[in-house]
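Undergrad: There's a structure below that I have some questions on.
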Amino acid sequence: MSVKKAVLLAAGKGTRMKDLTDELPKPMLEVRGKPILLHIVEGLKAAGITDFCIVVGYRADVVRDFFGDGSKFGIRVCYATQVVQDGTGRVVELAKDFAGSDPFILSYGDILINPANYPRLTDLASAEGIVTVKHNEGEMAKGGCVVVNERFELIDLIEKPAGPAPSPWYNAGVYTFQPSIFEFTARLKLSPRGEYELTDAIRDLAKDGKVVKVVELSGDWADVRDPEVLASLNR
């Protein structure tokens, strides 16, 4: 079953962007002349995604004013509002009604990937989820380390591992899920950081015996996390 829906997380301010996000949420900052979020939408649309749920929060009006109902971009867009910034696990819950019984791609609103990768995320086959990775040992302290088996399926996901990482695969922040993920986000407990973490739900999904495929992204990848990354992308 080909995936037709996508959930985009665009609720955060992006405090590391300092005054750049005084008026804009981070996903609406421009890279090469257009908002980061538009790059993501265009890439997903080209891969056959027609229905989008954008999770908004900080300066939601900017996102809504830009995308509207999606018709000017040839897609359908609805919105969900994250009122409390309590982690990525709870955010996904906001898309439950939108997803219904359908699979969906999930992307953080500040992750840019080579658009050629998106079609590879539209076919789950018999898996319950897909997690994208980059071969990037240098980034591990900033994100998630994905541990795989010989079939390149996820068997563990370690957030910001202390000490040497047990795997060279870095969580790239774009996913595909069956609606079964909601069973696992509903059970989340607060992490040591005081948040409900999506990565904990993904780990629990795999530990429950469900197949979570891992896909290595090709080409460029950027987590637009701070002004330095933004400036380098715009050079």
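Values in this text are rule-based calculations from the coordinates and carry no lab data. Because the structure is predicted, anything quoted here is derived from the model rather than measured. A quick note on method: Cβ atoms are made from the backbone with ideal geometry, for glycine too, and the neighbour counts reach across all protein chains shown.
Undergrad: Given the pairs Lys72/Lys142; Lys34/Lys189; Lys26/Lys210; Lys142/Lys189, which are separated by over 32 angstrom at their Cα positions? Working shown, then result.
TA: Working: Lys72/Lys142 37 Å; Lys34/Lys189 37 Å; Lys26/Lys210 34 Å; Lys142/Lys189 21 Å.
Too far apart for the 32 Å limit: Lys72/Lys142; Lys34/Lys189; Lys26/Lys210.
Undergrad: I would also like to ask the following. Ranking request for peptides 144-153, 76-85: highest mean number of other beta-carbon atoms within 10 Å first, then the rest in descending order.
TA: Details: 144-153: 16.8, 76-85: 14.3.
Sorting 144-153, 76-85 by mean packing, highest first, produces 144-153, 76-85.
Undergrad: Also, I was wondering about something else. Of Phe73, Val229, Gly173, which is farthest towards the positive pole of the chain's charge dipole, taken about the Cα centre with +1 and -1 on the beta-carbons of Lys, Arg and Asp, Glu respectively?
TA: Highest projection toward the positive end goes to Phe73.
Undergrad: Could you tally the net charge around Lys207, taking each other residue with its Cβ under 14 Å from the Cβ of Lys207, Lys/Arg +1 and Asp/Glu -1? If you can, show how the numbers build up before the last one.
TA: Working: positive: Arg187, Arg203, Lys210; negative: Glu128, Glu153, Asp156, Glu183, Asp200, Asp204, Asp208.
Net charge around Lys207: -4.
Undergrad: Between Arg76 and Lys207, what FRET efficiency follows from the Cβ-Cβ distance if R0 is 22 Å, with the result rounded to 0.05? The partial results should precede the final answer.
TA: Values: r = 35 Å, r/R0 = 1.59.
So the FRET efficiency works out to roughly 0.05.
Undergrad: Quick query: amide H of Thr132 versus all other amide H atoms, modeled in the peptide plane; which residues come in under 5 Å with a sequence gap of 5 or more or a different chain?
TA: Ala172, Gly173, Val174, Val215
Undergrad: Excluding residues fewer than 8 places away in the same chain, name every one of the aspartates and glutamates whose C-alpha is closer than 14 Å to that of Lys4.
TA: Here the aspartates and glutamates satisfying the reach criterion relative to Lys4 are Glu42, Asp51, Asp102, Asp123.
Undergrad: Moving on to the next point. Please turn the phi angles of the range 114-122 into ³J(HN,Hα) values with the Karplus equation 6.51 cos²θ - 1.76 cosθ + 1.60 (θ = phi - 60°), one per residue in order, whole Hz, x for glycine and proline.
TA: After applying 6.51 cos²θ - 1.76 cosθ + 1.60, I find 4, x, 4, 7, 4, x, 6, 9, 8 Hz.
Undergrad: Could I ask something else about it? Show me the ranking of peptides 173-185, 23-35 by mean Cβ neighbours inside 10 Å, starting with the highest. Walk me through the numbers before you get to the answer.
TA: Working: 173-185: 21.8, 23-35: 18.0.
Result, highest mean first: 173-185, 23-35.
Undergrad: Given the rule -39500 (n - 2.57) for each run of at least 4 DSSP H residues, summed and divided by the residues of the chain, what is its mean residue ellipticity at 222 nm, to the nearest 500 deg cm²/dmol?
TA: Details: 7 runs with 51 residues, N = 235.
Rounded to the nearest 500, the figure is -5500 deg cm²/dmol.
Undergrad: For the peptides 112-120, 60-68, what is the packing order when you average, over each peptide's residues, the other Cβ atoms within 10 Å and list the highest mean first?
TA: Working: 112-120: 18.0, 60-68: 16.2.
Highest mean packing first, the order is 112-120, 60-68.
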